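Take a look at the structure set out below.
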Amino acid sequence: MATMSVTEQALNTYVRETGGWIASQLEACTRCGMCAEACHFYVATGNPEYTPIWKVELVRRAYEQRFTLIGKIKQALGFEKPVTDEDLRHWAELDYYACTMCNRCSMVCPMGIQLADLIHEARAGLFEAGLIPSDLKAALDKQIEEGSPLGADDETFDDRLEWIEDDWDVEFPMDKEGADVLLVFSSIEIMKFPDNLAAIAKILDAGGVNWTLSKEGREVTNFGLYAGSDELEMLIADRVIRAAKRLGVKRVVVSECGHAYDALRFRAANLRGEKLPFEVVHITQVIGELVESGRIKLKAGAFENGKVTFHDACKIQRRGGDFEQPREVLKILAGDRFVEMTPNREEAWCCGGGGGVIAIQDADEVRRAAFTIKIDQINAAGATTVAMTCSNCRLQFLDCVDHFNLNWNVTGLAQMVADALVEEG
Ligand code: SF4
Ligand code: SF4
């Protein structure tokens with residue numbers, strides 16, 4: 001049997017995954033260009049290839065050439081060249097390096113074209129054709145084989161928890177029968193932000209939440225989603241779902257990670273074709289509930305160091321709608337020292353590090369270029385501290401603060417809340 005070219009493999013995936021959906025979406029495009037002005041990669045660099053609709057042009061062309069009469073005629077008359085393996089390799093760079101799946105472009109498209117979803121489908125075909133960037137693939141393989149893309153295997157996870165328990169004076173209940181809440185962390189938090197694990201444990205304990213961690217479902221990061229593989233995305237999400245079902249929890253609380261929240265909260269039930277038997281909420285929402293109900297009390301005015309602003313994460317705020325809880329908390333902590341960036345909330349600019357982009361070394365230059373928009377926003381707001389609810393964003397901010405030599409303090413909301421907890425006497 002003849003070996004399939006990468007183009008054929010990618011095409012077969014587009015067809016299998018989407019049927020005619022791709023074609024109907026792309027035919028609606030009026031070439032108005034509004035999506036370009038919504039994309040941080042295009043706006044920061046001016047590179048026309050970073051226009052969102054162009055990032056799926058390959059899919060449109062390949063689909064048209066293979067399945068439509070007009071596509072075959074265009075090809076026969078020489079108006080359009082056939083899609084080649086080399087084209088696919090080039091588009092792999094556009095779709096993996098220069099898209100964070102932030103959804104800002106989909107939001108502005110007057111024709112309602114779901115560009116971020118289409119780019120996800122483009123990644124699906126590229127993944128099937130073996131064109132995923134090597135470092136993203138290495139992290140994905142590690143997550144499949146060891147349970148963690150950043151190396152938090154069973155032993156490392158245990159060691160780190162023990163160390164955090166000792167140094168931060170907290171306790172992590174493990175696989176506790178009868179718990180109401182399963183708390184799941186991102187690998188970035190486990191390996192790079194241990195203070196976040198301690199902060200969230202302190203907040204849940206102070207609020208009287210009956211919670212547990214689980215060895216099996218400890219990590220909620222999902223490199224299957226970044227890669228574009230629904231199958232591997234489900235396999236990874238199933239580890240948390242199995243643990244939550246076994247423990248019989250009412251809620252799974254996702255810690256400070258945006259794409260992990262998207263995978264579990266919005267995509268898992270759809271991919272599985274069944275409702276999850278528990279609620280999935282983000283820690284931002286839990287903090288908001290605990291503060292609003294008075295179950296935790298915060299020291300008003302605890303933040304005294306200049307001005308603080310809030311960075312809206314694409315998946316937690318734009319997609320998840322958790323806009324107000326962090327702002328309410330920051331108003332308590334900082335009063336009128338809390339200032340907004342412009343634009344904000346659903347119109348906020350992405351930081352440029354999501355969608356797996358920060359894991360791809362060859363994308364460093366464009367990722368950092370995209371961040372210059374945040375620099376302008378934060379400088380215009382006059383803030384020197386920036387808080388957020390996503391550790392992937394936090395990693396991007398820290399990398400760029402270092403790269404651009406910025407004198408900013410970068411922190412997580414949970415961290416600020418834990419530091420301002422008022423202990424009930
Ligand atoms: S989803 Fe975000 S990063 Fe991707 S093309 Fe659209 S605006 Fe750009
Ligand atoms: S905003 Fe929508 S209609 Fe306009 S160019 Fe982009 S995809 Fe096409």
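A short reminder: the numbers here are calculations on the coordinates, not readings from a lab. Values in this document were obtained by computation on a predicted structure and should not be read as measured data. Reconstructed Cβ throughout: ideal geometry from the backbone, glycine too, with neighbour counts over all protein chains shown.
Before moving on, here are some points about what is shown:
- Percent of Cα-Cα distances greater than 20 Å, calculated over the range 296-419: 39
- In straight-distance terms, cross-link reach from LYS297 covers every one of the lysines whose alpha-carbon lies under 17 Å from its own, apart from those fewer than eight places away in the same chain; here that gives LYS202, LYS331.
- Distance between the 7 Å Cα→Cβ label points at ARG272 and THR372: 4.5 nm.
- Ascending count of other beta-carbon atoms within 10 Å, so fewest first, for HIS282, HIS120: HIS120, HIS282
- Stokes-Einstein D (µm²/s) once Rh is taken as the Kirkwood radius of the chain over alpha-carbon pairs, at 10 °C in 1.306 mPa s: 71
- With coordinates expressed along the principal axes, the C-alpha atoms belonging to the range 6-131 extend over 37, 30, 25 Å, beginning with the largest.
- With 0.36 nm allotted per residue and the present C-alpha distance subtracted, the GLU423-HIS90 stretch has 114.3 nm of extension available.
- Share of pairwise Cα separations in the range 135-291, more than 28 Å, in percent: 13
- Using the Cβ-Cβ distance between TRP21 and HIS403 with R0 set to 41 Å, the FRET efficiency from 1/(1 + (r/R0)^6) comes to roughly 0.55.
- Checking the Cα-Cα distances for LYS142/LYS374; LYS137/LYS315; LYS55/LYS315 against a 29 Å cut-off, the pairs over it are LYS142/LYS374.
- Under 5 Å from the amide H of ILE132 lies no amide H of any residue 5 or more positions distant or on a separate chain, with H modelled from the backbone and absent for Pro and chain starts.
- Modelled this way, with points 7 Å down the Cα-to-C-beta line, the labels at ARG242 and ILE144 are 1.6 nm from one another.
- The trypsin sites (Lys or Arg not before Pro) of the range 185-218 that meet both conditions, a loop assignment by DSSP and at most 14 other Cβ atoms within 10 Å of the site Cβ, are LYS215.
- Gain upon complete extension [LYS192, THR68; 0.36 nm per residue less C-alpha separation]: 39.7 nm
- Reachable aspartates and glutamates, given that their alpha-carbon falls under 12 Å from the alpha-carbon of LYS72 and they are not under 8 places away in the same chain: GLU64, GLU80
- FRET efficiency, 1/(1 + (r/R0)^6) with R0 30 Å, evaluated for GLU37 and ASP336 via beta carbons: 0.40
- Long-range amide H partners of GLU279 with built H, under 5 Å: ARG251, VAL252
- Dipole size of the chain about its Cα centre, with +1 on Lys/Arg Cβ and -1 on Asp/Glu Cβ: approximately 1480 debye, rounded to the nearest 20.
- With R₀ set to 41 Å, the beta-carbon distance separating GLU162 from ARG345 gives a calculated FRET efficiency near 0.55.
- Candidates THR84, THR30, THR384: whichever shows maximal mean-square fluctuation once the chain is modelled as a Gaussian network with Cα springs under 10 Å: THR30
- The loop-placed trypsin sites (Lys or Arg not before Pro) in the range 24-68, going by DSSP, that have at most 11 neighbouring Cβ atoms within 10 Å of their Cβ come out as ARG31.
- Between ASP169 and GLU155, the contour length at 0.36 nm per residue exceeds the Cα-Cα span by 3.0 nm.
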